[in-house]
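Here is the structure we will look at.
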Amino acid sequence: MSNIASLRAQVTDLTILIIPYSHSDWAWTYTRAWHEERYTLVFNEVLDILRDHPEYRWFFDTENEQLAPFRRRCPERMEELKQRVREGKIGVSGGTVTNPHPHRIGGETFIRNLVLGRRYFQRAFPGADLSVLTLNDIIVGYTQLPQLIRKAGYRAYRFWRPEEAMDAKGLPRTFHWEGLDGTTLLCSRGSYGGLHSTRWVRDTWEETFEQVIQTEILPRSRLDPSHVIGVFQGSDDARPLRTGNEQPLPLFELVQEWNRRGMGAMRFATPAEYVRELEKEADHLPTLSGPLDTVGWSYWYGQIGNESLREGRVKDDIALVQAEILSRIGAAMEMAVPSADIEALWWDLLRTCPHATLWLFEEDYEELLRVSKRVGFEARAISQTILEDMADRISLKSEGKPILVFNPLSWARQDVASVHLTFPMRGKRSLEVRTPDGHLLPHQMVAEPYENGTLKEADLWFPTDVPAVGYRTFYVTDHEFPPTSTPFHGDPSRLENEALRLSFEEGHLISIFDKGTKTEHIARGKGGANTLRFYVIEDTGPYHYGPVKDIVEPVVEHVEIVADGPIFSTLRTSGHLGDHGVVQDVTLHHTLQRIDLRTEIQCAGGDGFFRVHFPLSYPGRLSAHIPFGVEDRDVTREPYGSLERRRENVFYASEWVDYSDGQKGLTLIGALGVQGFHFDPDHRILSHTLLKAIRHPQQDWERFETRRREAKGKHVFHYALIPHRGDWRDGDIARMGTAFHRPLRTVPRVRWSRDGDLP
């Protein structure tokens, strides 16, 4: 049997669907302005082709990256585009606002991307088939996606990365994915880049068929249990029927000759048409459960730091959720709710979440960063206005300055509230905190005095319990006598409360002893807990994943106790990592089972990343928080080395990671929006990547990119440790971890009137 005959036998029972597509980044190797003109050109060429070739198909996926430029520049062709969508010749898949990685945005942002996107396309393109969600060039996401995607109205999901890693694990190309709640979702995985060069074009059709089968069809079919092979055809910014370097592609001729010569069935299709064919075999497809990827992009965590869109997106997500909650409460209380359009703010937040923002040119990055900061500012202003109105309507029951403490979460909390107070008149020397019935609370204060020693401004902390999505009121009153000064105990080797004892050696945290479980959580002799190191890398170009060539150890120059009171005690160390300045605070709470950690890095730039390390003293298992759920983590079962996984033993968690042996455990709540963790299974060291720095390239297109990737300057990261009994469920970590980044909101009453209609 000839080679082509052998290959024909392998494909004749397959249905080959060519699904043309042009992948749209916000910007990649060019400015945003270039991309907008390019996508306008692509839409126009697709519409022109369909006039002469009704058998052709194409699809687009986003409003923000792809459709918006065409809509603004060519309004005269929008009706033609809508007609082709109604006919099913142009697909909308998945009809989202934008195309971000699910694990690089907040969980609510992911939901709004689906909901607001579908709402827009249903209105703008009546009759559009929005049944399939395609997120191209993204990491698959976490195991709550089947539930979220199905609830948003989709019946199938198409994604790509990490292709090599999932191939190495033998995961099928088409399958049902079962989520944490049991919801199943029809899935297809694979690249959008197929048939996009002329390498498959040969002198004869037999040779051409051989190339197409060997390079495009068999690689996709080997792990595909179905008989429907979707070849997503195109590349980044691809013009229809052309290669990346603008050469014409004989795709019409390929389809015609393939069918005429009896090679099987081949035609053009949209993602919705592909899924309809796939659903015919749905009963025979396997079901996978659990996480499909636990790593994400292993070498991009911490990039840019405090000025990163990635960090800003997560903070904006939290701020907008709270603004919505308070707006609903305010409306129910007939308050003058601010008129800002919160849905418009969600749209603005989503516009900061497009694809490939790590490579934006300088002006393009700054524009999105300004939008992100504005969204956060406006969302917090909405919440503040409503809380101030709420505080001013409280019926006062005690003397003193009333302080409203609001809990934005849906469960009652015992926590610590903090409030900043100002004193425009000299004379106050000390304060007390009381409940409405006069009960005196312990408190801790850091004050800025006038020259006569009386209070000018002060930060005040006190313990409280607050009902779910509700408030309590406390009263700050004058204290007749100055506070009895409790001097710092001056022992930089220990912080201790009734539950925990922390031991230090020359500023290094060498022990976390839990008195209740009689557990030492930190392995001695491995550099201590919260040790910050800088990993110098050999840079390798636009992905910046180069190998580690040196590890810089910290040098501690100064150690001191900077706070010691009834609410918390803090030890501060300062020093440097090579050229980088470092200040670290370890704060032990006395009313909470929590250790707060603060690391300030004065980054001098370079190529590398900063990690904090926690050597663990007992064997255990890792669990990772994801949006709306928890997944297990086992780096020993994951294949590393593929494009996305050039850093071994790295894994993803949204907000926290728990390490437990079932009887006891230690939770690391990560810095907000950073999300990258590492576990060394041989030495039992859990670490958290805080910041990544990239030396600014001096050549090629990267020289135009944002210089914020250098990460120079001051960056501050807040994270925490929670020792606990049992596993993460027994320790109530799901709630405690969420609460850390969503502190109680405190608002002093500003009106002098004592009248009020709220209890």
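The values are calculated or read from the model by the stated rules, or taken from the named source; none is laboratory data. All of these numbers come straight from a predicted model, not from anything done at the bench. Heads up, the Cβs are rebuilt from the backbone with ideal geometry, glycines too, and the neighbour counts pull from every protein chain shown. To get the accessible areas, we keep the full protein, side chains included, count just its heavy atoms, and leave off ligands, DNA and RNA. Shrake-Rupley method; radii C 1.70, N 1.55, O 1.52, S 1.80 Å.
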**Request:** Collect the residues in region 174-219 that are closer than 30 Å to SER131 by Cα, acidic (Asp, Glu) and free of Cβ contacts under 8 Å to residues at least 60 places away in the same chain, keeping them in residue-number order.
**Result:** ASP181, GLU216
**Request:** Tell me, yes or no, whether region 233-245 has at least one residue that is within 25 Å of GLU87 (Cα to Cα) and either in contact with a Lys or Arg (Cβ under 9 Å, 6 or more places away or on another chain) or among the β-branched types (Val, Ile, Thr) (or both).
**Result:** yes
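Listed here are the residues, each with its yes/no results for (1) open to solvent by 10 Å² or more (accessible area, probe 1.4 Å); (2) more than 16 Å from ALA653 (Cβ to Cβ); (3) in contact with an Asp or Glu (Cβ under 9 Å, 6 or more places away or on another chain).
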{"residue": "LEU686", "(1), (2), (3)": "no, no, yes"}
{"residue": "LEU691", "(1), (2), (3)": "no, yes, no"}
{"residue": "ARG695", "(1), (2), (3)": "yes, yes, yes"}
{"residue": "GLN699", "(1), (2), (3)": "yes, yes, no"}
{"residue": "ARG707", "(1), (2), (3)": "yes, yes, yes"}
{"residue": "LYS714", "(1), (2), (3)": "yes, yes, yes"}
{"residue": "LEU721", "(1), (2), (3)": "no, no, yes"}
**Asked** What tally of residues in region 730-759 results from selecting those that are of a type in the set (D, E, K, R), closer than 28 Å to VAL630 by Cβ and more than 23 Å from the chain's Cα centre (by Cα)?
**Response** 2
**Request:** Determine whether ALA336 is assigned to a loop (DSSP other than H, G, I, E, B), out of contact with any His (no Cβ under 7 Å at 6 or more places or on another chain), of a type outside the set (Asp, Glu) and open to solvent by 10 Å² or more (accessible area, probe 1.4 Å).
**Result:** yes
**Prompt:** So ARG112 fits all but one of (1) within 25 Å of ASP317 (Cα to Cα); (2) in contact (Cβ under 8 Å) with a residue 60 or more places away in the chain; (3) out of contact with any helix residue (DSSP H, G or I) (no Cβ under 8 Å at 6 or more places or on another chain); (4) open to solvent by 10 Å² or more (accessible area, probe 1.4 Å); what number is the exception?
**Reply:** (3)
**Item:** Filter result for the condition that a residue is without any contact (Cβ under 8 Å) to a residue 24 or more places away in the chain and of a type outside the set (S, T, N, Q), over GLU557, GLU538, GLU631
**Value:** GLU557
**Request:** Out of ARG370, ARG374, ARG429, report the one residue that is at pLDDT below 95, of a type outside the set (Val, Ile, Thr) and open to solvent by 70 Å² or more (accessible area, probe 1.4 Å).
**Result:** ARG429
**Request:** Please find, within region 560-579, the residue that is nearest to GLU498 (Cα to Cα) out of those that are without any contact (Cβ under 8 Å) to a residue 60 or more places away in the chain, open to solvent by 30 Å² or more (accessible area, probe 1.4 Å) and part of a strand (DSSP E or B).
**Result:** ARG572
**Prompt:** Is at least one residue of region 580-593 of a type in the set (Gly, Ala, Ser) and either at positive phi or open to solvent by less than 10 Å² (accessible area, probe 1.4 Å) (or both)?
**Reply:** no
**Message:** When you scan region 624-640, do you find a residue that is of a type in the set (Gly, Ala, Ser) and open to solvent by less than 10 Å² (accessible area, probe 1.4 Å), even just one?
**Reply:** yes
**Message:** Can you list the helices (runs of 4 or more DSSP H) lying wholly within region 1-83 that have 1 or more residues being over 26 Å from GLY230 (Cα atoms), of a type in the set (Gly, Ala, Ser) and under 32 Å from the mean Cα position of the chain (by Cα)?
**Reply:** 32-52, 68-73
**Fill in**
Going through region 131-185 in order, the residues found to be open to solvent by 10 Å² or more (accessible area, probe 1.4 Å) and hydrophobic (A, V, I, L, M, F, W, C) are LEU148, ALA152, TRP160, ALA168, LEU171, LEU180
**Message:** Take the conditions in contact with a Phe, Trp or Tyr (Cβ under 9 Å, 6 or more places away or on another chain) and either basic (Lys, Arg) or at pLDDT 95 or above (or both) and apply them to THR174. Does it pass?
**Reply:** no
**Hey, PRO126 out of contact with any Ser or Thr (no Cβ under 7 Å at 6 or more places or on another chain), farther than 27 Å from GLU37 by Cβ and assigned to a loop (DSSP other than H, G, I, E, B) or not** = yes
**Request:** State whether the residues of region 468-485 include one that is among the β-branched types (Val, Ile, Thr), surrounded by fewer than 19 Cβ atoms within 10 Å (Cβ to Cβ) and farther than 25 Å from GLN384 by Cα.
**Result:** yes
